[in-house]
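These notes are about the structure you will find just below.
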Amino acid sequence: MKRILLFTLPILIIITIIIAGFGFLQVRFEEERLMDELKRKARAVAESVELSAKHILINKDHKSALKLVESFQKRERAQGCVIYDKDGQIFVITEKIFEWKNINKTDLANILLTKKPKDKLDKYKEYSIYSYILPVLDDESNILGFVEVIYDTSYMFVTLTQLWKRITITLTILLISITVITLLIQRQIFVLPVRRLTDWFKHFQKGEIDKLRPSILEEGEFGKLISEVEQVALSLRVARKVVTDSAKIRLEKEELWTEKKLRDLVQARLGENALFVVSNREPFMHVFDETIGKDVLIRPASGVVTAIDPILRACGGTWIAHGAGNSDKNYVNSKNKLGVPPDDIRCILKRIWLTKEEEDGYYYGFSNEGLWPLCHVTHTRPSFRENDWNIYKEVNRKFAENILDELPAKNPFIFIQDYHFTLLGKMIKEKRPDATIALFWHIPWPNPEVFAICPYQQEILDGMLGCDLIGFHLQSHCNNFLDTANRLIESRVDTEKFSVIRNNIETFIRPFPISVDFRNSDVTKNEISKIEEIRNELNLKDKIIGIGVDRIDYTKGLIEKILAIDKFLDKNLQYKNKFVFIQIAAPSRTHIKRYHDLMAEIDDLVEKKNWKHSNGNWKPIIYMKRHFSPEEIKPYYILADFCIVSSLHDGMNLVAKEYITSKSDLNGTLILSRFAGAARELMDAVQVNPYSIEEFSEAIKYALDLPVEEKRKRMGNMRKIVKENNIYHWAGSIITELTSLRKT
Ligand code: ADQ
């Protein structure tokens, strides 16, 4: 619309100025013409009366004079006539202008001297009038008196106003016609071809190849443009086909899962159907940093982001997530999308906007005060509020609609992340039964007795069972889910195939232990100097260094970790001054009271324990409570002699695997809670029950005392496991499973 205005407005303004100018001149000419006509008429009338007036004035014939001036009553537009004697006294006057005699007649004195007629425009009552005075002379040219004729000029004003009206109507009709014609022309030559081109692109994007043809009937410059675009599209399709075929060949040769192998798999299995990933947390957030006064780009502290990011980097596709950064809106295009990572674009991020109320009910309320504690069973009571549940459903619907907008014409693949979107699978399937949908559940799944607490259990299970595949980290979580479906919802569980059948949809339940990108294991020069910097800054020379990296969450066992370190130092005084534990902690979900209180509790506990053990410059715990980028965290992992993961319950825990990945020199020990999913794979970690502070403190001592060779052997074994079962293996297994379920 703005563009059309920009185009037509200048034309309309120019036409208006030209026509208004012409109109003004025409009115001026008409005014002059009417005035001339009036003057001529007045003069002729005055002269025609002159002779009669002469007789009247000589004979003082009042009767004839009256008859003469009254004859003006009948004339068109003439107001009247006055006959004056030579002293300027009114001899006779037309009755209808009787009051004219009260008006001062200074002009008569003038005429007496010049003996020439005089005219003027004047006012009489509410009328504009024209007066013409003619001296009446005897045969010796002496003044006998005067004749004055008076005309009403208001008809001129009426005539001119009508003329203006006609000009304005003509102008309006002209402007409307020009606007309509311009709109029609520009629609014909610009809007329609662009619309056809846009439709063409939409079909191309969605893979609706059969609908592409009819648009190529365009001629001229647009025709050429479309033909060029068609060439590019064709080459792109050919290139994709070639890539798909060669990817299939390479795939068969490669053994270890790498970014390249995953890309080959996606190309071979998904072909033109790109992958759609949905998560609550976005991989990149634009946030306004008040300390430096500008926007910064951060990667949120989230296991889901850590896991999904390398996959989308490897295979492209679209990532749909909540735009939670306070500056996010400044960086998206008209479709709320942007390419990420911004400096090396690999995939498209589509941001979904939520209101504060939606974020409160869906994210903080139902997801994190309801489902999160329900599934973790760490003795924090879940809260289920009806209002939160209603908002959760609305937000799932909002995501579903946004995803449906993006899907290609045929067989799309959708990969949903986590407990925020239990209803999404069913919502999408209702509209697109041809879609193949997987849901990965990143947190534990409790047993049926625990899940039965949830008032909305039926709708949640029904929503989840709209998916074709549901993945958990561990077989035990799969078993719990199958039991739950069997006990709490009308369905048939197939224990041979590990699937649930409900409403004629079969959902396969499989374990896929998540992992990290092992490729990042080499230590760079930059990291070496960063490590030295940290060592000097934190005074770590000759110290035994431990590391913990966690979101501040009650499931991560941070309190238990600090208590265990305290007990360890109580029992092993020889480690005083020699032992430093660095805890990196990212504040998370701080709007929830439980999290807010936990932060204060940890601050307080760290302060107390440091005060208790400190001596001179040394304190045992360095607590760094802020968000770190992955590049910032890595030097701490490399530096640390041991890492503690103390989760009270955890789906997997990626920190354990990140630590192992960073230890390319094998010098490090992992102390790992047996309640983290990672404990199933990482049998060479020193495993602990974090609820038992005694056992936990002894495990720290045990880990530190392990012979160097034993430590290296354990780390070597764990590295082998993580290297083989890396994030590409995880994604590859899910995509292989997903594509084998593909709808035709
Ligand atoms: P999370 O509960 O978020 O993930 P986790 O697997 O440990 O837990 O991943 C946390 C991620 O955040 C790690 O990549 C870590 O490096 C990063 N992180 C931690 N502290 C940080 C800080 N201060 N600054 C920046 N980054 C920080 C959920 C489940 C887990 C599951 C993952 C993946 O709860 O059980 O392993 O999803 O499925």
Next item on the list: For the range 357-371, take each phi angle, set θ = phi - 60°, evaluate the Karplus expression 6.51 cos²θ - 1.76 cosθ + 1.60, and give the result in whole Hz per residue in order, putting x for glycine and proline.
Entry: 5, 5, 4, 5, x, 7, 8, 5, x, 5, 5, 9, 9, x, 5
Next item on the list: Among M285, M683, rank each residue by its count of other Cβ atoms within 10 Å, from fewest to most, as a rough exposure measure.
Entry: M683, M285
Check: Rounded to the nearest 20 Debye, what is the dipole magnitude of the range 534-725 about its Cα centre when Lys and Arg each give +1 and Asp and Glu each give -1 at the C-beta?
Finding: 220
Checklist line | Difference of contour (0.36 nm per residue) and Cα-Cα distance, F222 to T590 | finding: 127.0 nm
Check: Amide H of S302: which non-local residues (sequence gap of 5 or more, or other chain) have their own amide H closer than 5 Å, using H built in the peptide plane?
Finding: none
Item checked: Spin-label model distance (nm) - N402 vs K74, 7 Å beyond Cα toward Cβ -> 9.1
Checklist line | the chain - mean residue ellipticity at 222 nm from DSSP helices (-39,500 (n - 2.57) per run, n ≥ 4, rounded to 500) | finding: -16000 deg cm²/dmol
Notebook entry, point to check: So what J values fall out for the range 617-627 if you push phi through Karplus, 6.51 cos²θ - 1.76 cosθ + 1.60 with θ = phi - 60°, rounded to Hz, Gly and Pro as x?
Noted result: 7, 8, 9, x, 10, 9, 9, 10, 9, 6, 7
Item checked: Distance violations [Cα-Cα > 18 Å] among K202/K410; K530/K556; K41/K118; K356/K398; K41/K74 -> K530/K556
Margin query: Run the reach check for K701 against aspartates and glutamates, Cα to Cα strictly under 13 Å, same-chain hits fewer than 8 apart removed. What comes back?
Written below: D566, D570, D641
Notebook entry, point to check: Spin-label point model (7 Å from Cα, Cβ direction): what's the E601 to W618 distance in nm?
Noted result: 3.0
Margin query: Going by amide H atoms built from the backbone, whose H comes under 5 Å of the H on F579, apart from near neighbours?
Written below: I544
Check: By how many degrees, between 0 and 90 and to the nearest 10, does the Cα long axis of helix 259-270 differ from the longest principal axis of the chain?
Finding: 70
Next item on the list: Return the percentage of antiparallel bridges among DSSP beta bridges fully within the chain, rounded to the nearest 5 %.
Entry: 45
Item checked: Label point distance in nm, T182-T524, each placed 7 Å from Cα along Cα→Cβ -> 5.6
Note to self: Just want the answer: with Cβ charges of +1 for Lys and Arg and -1 for Asp and Glu, which residue in T736, I562, I509 is farthest toward the dipole's positive end in the chain?
What the structure shows: T736
Item checked: Under-5 Å amide H pairs with D295, H placed in peptide plane, nonlocal only -> D289
Checklist line | Of T8, I143, V49, farthest towards positive along the dipole that unit charges on Lys, Arg, Asp, Glu beta carbons give the range 2-158 | finding: T8
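For the range 572-702, what does the alpha-carbon gyration tensor say about shape, rounded, prolate or oblate, given a ≥ b ≥ c as the root eigenvalues, a/c under 1.5 as rounded, and a/b over b/c as prolate? Display every interim value, and only then the final one.
Values: a/c = 1.31, a/b = 1.09, b/c = 1.20.
Because its axes are fairly even, with a/c under 1.5, the range 572-702 counts as rounded.
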Checklist line | Additional length obtainable on full extension of the chain from Q574 to K2, 0.36 nm per residue less Cα span | finding: 198.2 nm
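Between I189 and L256, what's the calculated FRET efficiency when r is the beta-carbon distance and R0 is 56 Å? Round to 0.05. It would help to have the intermediate numbers written out before the result.
Details: r = 58 Å, r/R0 = 1.03.
My answer for the efficiency is 0.45.
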Next item on the list: Could you point to the residue in V266, L163, A679 farthest towards the positive end of the chain's charge dipole, with +1 and -1 charges on the Cβ of Lys/Arg and Asp/Glu respectively?
Entry: L163
Notebook entry, point to check: Restricting attention to the range 418-497, which GluC sites (Glu not before Pro) occupy a DSSP loop and are surrounded by at most 14 other Cβ atoms within 10 Å?
Noted result: E490, E496
Checklist line | Sites A20 and K116, calculated FRET efficiency, Cβ-Cβ separation with R0 45 Å, nearest 0.05 | finding: 0.65
Next item on the list: State, as an integer percentage, the relative contact order of the chain based on alpha-carbon contacts under 8 Å between residues 6 or more apart.
Entry: 9
Check: Given a Förster radius of 22 Å and the C-beta distance between H55 and K96 as r, what FRET efficiency does 1/(1 + (r/R0)^6) yield to the nearest 0.05?
Finding: 0.35
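Roughly how big is the range 138-194's charge dipole about its Cα centre, with Cβ charges of +1 (Lys, Arg) and -1 (Asp, Glu), in debye to the nearest 20? Write down the numbers at each step before the final one.
Values: 3 positive and 5 negative charges, 239 e Å.
Charge dipole, the range 138-194, about its Cα centre: 1140 debye, nearest 20.
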Next item on the list: Pick out, in residue order, every one of the trypsin sites (Lys or Arg not before Pro) in the range 29-80 that is DSSP loop and has at most 16 other C-beta atoms within 10 Å; say none if there are none.
Entry: K60, R75, R77
Item checked: Neighbour-count order for S383, S177, S334, fewest beta carbons within 10 angstrom listed first -> S334, S177, S383
Margin query: As a test of the definition: which semi-axes, in Å, follow for the chain when you take the square root of five times each eigenvalue of its alpha carbon gyration tensor? Largest first, please.
Written below: 96, 33, 25
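Tell me which GluC sites (Glu not before Pro) from the range 82-150 have a DSSP coil assignment and no more than 12 other beta carbons within 10 Å of their own.
Details: sites: E95, E99, E126, E140, E148; in loops: E126, E140.
Qualifying residues, ordered by number: E126, E140.
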Notebook entry, point to check: For the range 422-461, list residues with backbone N below 15 Å from a point placed 7 Å from the Cα of D483 toward its Cβ?
Noted result: 444-453
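Quote the charge dipole size of the chain about the Cα centre in Debye, to the nearest 20; the model charges only the Cβ of Lys and Arg (+1) and of Asp and Glu (-1).
Numbers: 108 positive and 102 negative charges, 187 e Å.
Computed about the Cα centre, the dipole is about 900 debye.
Bear in mind that the values in this text are calculations on the coordinates, not laboratory data. This structure is a prediction, so every number in the text was calculated from the model and none was measured. Note that we place each Cβ from the backbone using ideal geometry, even for glycine, and neighbour counts take in every protein chain shown.
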